[in-house]
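Written out below as structure tokens is the structure these notes cover.
The values are calculated or read from the model by the stated rules, or taken from the named source; none is laboratory data. Values in this document were obtained by computation on a predicted structure and should not be read as measured data. A quick note on method: Cβ atoms are made from the backbone with ideal geometry, for glycine too, and the neighbour counts reach across all protein chains shown. Areas reflect the complete protein model, heavy atoms only, side chains present, ligands, DNA and RNA absent. Shrake-Rupley method; radii C 1.70, N 1.55, O 1.52, S 1.80 Å.
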Amino acid sequence: MAAATTARALAERGWRVTVLDPAGIAAGASGNRAGVVYSTPSAHLTEQNRFYQLSYVHALRWLQRHRFPGPDQGRLNGVPQHFVDDKQADKIRAARDSGAWPQALLKPLGEHGMELVGGGYLSPPAWCRQLLDHPAIEPRLAAVSEFQPATDDRPVRVRLSDDHTLEADALILATAGAARDLAGLAWLPLKTIRGQVSYCRPTAASAAWQQAHCHGGYLTPTLDGVHCVGATFDLHQLDPAPRDSDDAANLAQLRHHLPREWQELGGESIEVVDRRVAMRCQSLDFLPLVGPLPDAMANPHTALPGLYLNIAHGSRGITGTPLCADLLADQLSRRAPPADQALVAALAPERFILRKRKKQPDWSPPCS
């Protein structure tokens, strides 16, 4: 989704874009059969929470403009957030009562929840395919193996896994945690989080569901013939093989927070017909890294000409990537960004270098 939204934003500004992916469209974490368009309301408008709010509104505008989702691709009909505890209930109610979040976006659902108006569920692979369906975008089955920043007399150079070489005005790395595998980028402050989603067979009762629900996890109406129940959150065991214990954990969480839906889905007889494991990439401060790629070896650091990042969207890729795509496309096109400078700085990859050197002026990442 990071690559597809960025490619589309650039194409709509007149750029010609090559999208490089050795596994094809939406083969990683963006390949789940369903995802939820949602955010986390808060009364405290830190840069993190401002990003959550602005990106949510921005994503809804993108989806409306592209008329997505269409039939059999999901629905944007609101997302009930069921409070998991009193702390979360107080936080979300305060967001609405304080005016930090527009009341039009938050609809109370009695004592036990709040509906995120305008949100919904959709097919991430279908969303990616629609975004990449543009005459100025060329998908290509290849990976970046090496790159060189632009200089005064030549553009960015990129060597591919098939030994071909490309030249471009800019290279945007939207490779999630795999960015650290490239030379010089092991310093990126990222963590990998394994998630397993369980795909469950619908019942006569569950087939009538209309809305996605968020609780400690999430539950969607049928999409592609199954309900999505997810997802686990594992920082330690990164084995890509699916586990029966994770399906059990997903269903136990559903039973705890949404007992009625658990029962309608079959209760003790819920049938898991498939599952999928993917790795989320998240930064240490929970915000994506979006903007020019800095040379962390230089002190003071400098931006590497023509190189950019768009990574670490965690479990919010559907919601966060449209805003980040427009931000990057406007930076490359020398246009005013869709966010204020404080928020642009909060997303800039250089922020982690600045924080390190504020405490340790001589900090330099280990050679890699």
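Among the residues of region 102-127, those that are in a helix (DSSP H, G or I), modelled with pLDDT of 95 or more and not hydrophobic (A, V, I, L, M, F, W, C) comprise P124, P125. Out of D340, D362, one residue alone is surrounded by fewer than 24 Cβ atoms within 10 Å (Cβ to Cβ) and either within 24 Å of the chain's Cα centre (by Cα) or aliphatic (A, V, I, L, M) (or both). It is D340.
I want to confirm something. Restricting to region 185-202 and keeping residues that are in a loop (DSSP other than H, G, I, E, B) and either among the acidic types (D, E) or open to solvent by less than 40 Å² (accessible area, probe 1.4 Å) (or both), which single residue is nearest to P149 (Cα to Cα)? My answer is L185.
Among the residues in region 82-103, are any within 21 Å of the chain's Cα centre (by Cα), of a type outside the set (K, R) and more than 21 Å from L323 (Cα to Cα)? Scanning region 82-103, I find no residue that is within 21 Å of the chain's Cα centre (by Cα), of a type outside the set (K, R) and more than 21 Å from L323 (Cα to Cα), so the answer is no. Quick check: anything in region 139-159 touching a helix residue (DSSP H, G or I) at 6+ places or on another chain (Cβ under 9 Å), open to solvent by 60 Å² or more (accessible area, probe 1.4 Å) and assigned to a strand (DSSP E or B)? Yes, there is a match, as at least one residue in region 139-159 is touching a helix residue (DSSP H, G or I) at 6+ places or on another chain (Cβ under 9 Å), open to solvent by 60 Å² or more (accessible area, probe 1.4 Å) and assigned to a strand (DSSP E or B). Note on region 168-184: residues that are more than 24 Å from L10 (Cβ to Cβ) and assigned to a helix (DSSP H, G or I) amount to 2. Among the residues of region 318-334, is any of a type in the set (K, R) and on the phi < 0 side of the Ramachandran plot? So far as region 318-334 goes, no, none of its residues is of a type in the set (K, R) and on the phi < 0 side of the Ramachandran plot. Going through (1) closer than 30 Å to R334 by Cα; (2) among the small types (G, A, S); (3) open to solvent by 20 Å² or more (accessible area, probe 1.4 Å) one by one, G291 falls short only on (3). Residues in region 244-287 that are of a type in the set (A, V, I, L, M), in contact with a helix residue (DSSP H, G or I) (Cβ under 8 Å, 6 or more places away or on another chain) and either free of Cβ contacts under 8 Å to residues at least 24 places away in the same chain or open to solvent by 50 Å² or more (accessible area, probe 1.4 Å) (or both): M279, L284. Q130 satisfies every condition listed in (1) of a type outside the set (F, W, Y); (2) part of a strand (DSSP E or B); (3) touching a Phe, Trp or Tyr at 6+ places or on another chain (Cβ under 8 Å) except (2). Contact map, region 197-214: first residue more than 13 Å from A34 (Cβ to Cβ), second residue of a type in the set (G, A, S), Cβ cut-off under 8 Å, separation 6 or more or different chains; pairs are R201/G266; T203/G266; S206/G266. Give just the number: which of (1) touching a Pro at 6+ places or on another chain (Cβ under 8 Å); (2) free of Cβ contacts under 8 Å to residues at least 60 places away in the same chain; (3) of a type outside the set (S, T, N, Q) does P337 not satisfy? The failed condition is (1).
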